[in-house]
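What follows is one structure encoded as structure tokens, with my remarks underneath.
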Amino acid sequence: MGYAIEGKLLEACSCAAVCPCWVGDDPDGGECDGLVAYHYERGEIDGVDVSGLTLALAVHIPGNVLKGGWKVVAFVDSKATQRQRDAILAAHTGQLGGPLADLASLVGEVLGVYDVPIEFAMSDGRGHIRVGDAVAGEMQPLTDLQGRPTSLVDSVFSTIPGSPAIVGKAPALRAHIPQHRVAWEFSGRNAILGSFRFTA
């Protein structure tokens with residue numbers, strides 16, 4: 001049936017700000033580790049209401065973002081029912097088409113899928129996220145001289161195609177997923193926040 005969803009994206013990674021992936025350059029250090037989280041403020045996927053839920057992805061990108069081959073550990077909000085969980089995963093694995101299918105095509109391997117409590121609190125480019133005991137991060141925006149958040153638009157790559165993104169830094173970002181040998185911790189690296197509206 002497709003989807004019509006709106007909400008907020010948080011992305012934070014090992015690259016320096018502003019993330020080179022968004023302008024098509026190779027990631028700093030040649031590869032990238034990070035978090036991509038979608039919080040649905042309202043909407044339906046395959047006829048199922050997913051309002052208030054969050055999907056978070058711990059991601060390893062082995063080279064240029066556009067060449068794909070990403071390895072992903074997916075975390076679905078534990079508040080989701082089985083129908084909601086199935087709908088969210090169907091959309092983000094590309095089964096329902098649209099812009100999420102374009103992003104899903106970059107994923108080479110899903111290492112695991114887990115149900116965990118997810119806390120997502122973002123406003124005006126500032127806030128935090130906690131994904132069970134696996135991932136945690138904070139974000140603060142870059143600003144102009146008047147204190148207005150800096151935005152990135154019309155970039156060659158985007159996890160929220162069609163929408164501007166607030167660029168900033170993550171004072172703290174860490175992941176500890178021992179079952180998949182994922183462990184990293186960064187401070188003062190790239191972070192991006194934006195609103196999305198996806199339909200398919």
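Bear in mind that the values in this text are calculations on the coordinates, not laboratory data. Computed from a predicted model, the values in this text were never measured in an experiment. Cβ placement follows ideal geometry from the backbone for every residue including glycine, while neighbour counts extend to all protein chains displayed.
Values for this structure:
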{"item": "Tyr114 paired with Asp102, simple spin-label distance in nm, labels 7 Å along Cα-to-beta-carbon", "result": "3.1 nm"}
{"item": "Fully extended contour minus Cα-Cα distance, from Thr199 to Lys67, at 0.36 nm per residue", "result": "45.1 nm"}
{"item": "Rg and Dmax of segment 96-200, Cα atoms only, in Å", "result": "15.4, 45"}
{"item": "Candidate lysines - alpha carbon under 18 Å from Lys169, same-chain residues fewer than 8 apart omitted", "result": "Lys8"}
{"item": "Surrounding net charge for Cys32, when Lys and Arg each add one and Asp and Glu each subtract one, Cβ distance under 14 Å", "result": "-3"}
{"item": "Calculated SAXS-style log₁₀ I(q)/I(0) at q = 0.12, 0.16, 0.25 Å⁻¹ - segment 1-102, Debye, Cα scatterers", "result": "-0.43, -0.72, -1.30"}
{"item": "Gaussian network model of the chain, Cα within-10 Å springs - most flexible of Arg189, Arg181, Arg85", "result": "Arg181"}
{"item": "Candidates Asp25, Asp154, Asp144: whichever shows maximal mean-square fluctuation once the chain is modelled as a Gaussian network with Cα springs under 10 Å", "result": "Asp144"}
{"item": "Candidates Gln95, Gln82, Gln140, ranked by Gaussian network fluctuation over the chain, Cα under 10 Å, top entry", "result": "Gln82"}
{"item": "Percent of Cα-Cα distances greater than 22 Å, calculated over the chain", "result": "43 percent"}
{"item": "Computed [θ] at 222 nm, deg cm²/dmol, the chain (DSSP H ≥ 4; -39,500 (n - 2.57); rounded to nearest 500)", "result": "-2500 deg cm²/dmol"}
{"item": "When segment 1-50 is reduced to its Cα atoms, the Kirkwood hydrodynamic radius in Å", "result": "12.8 Å"}
{"item": "Mean-position separation - Cα centroids, segment 162-188 and segment 60-127, in angstrom", "result": "14 Å"}
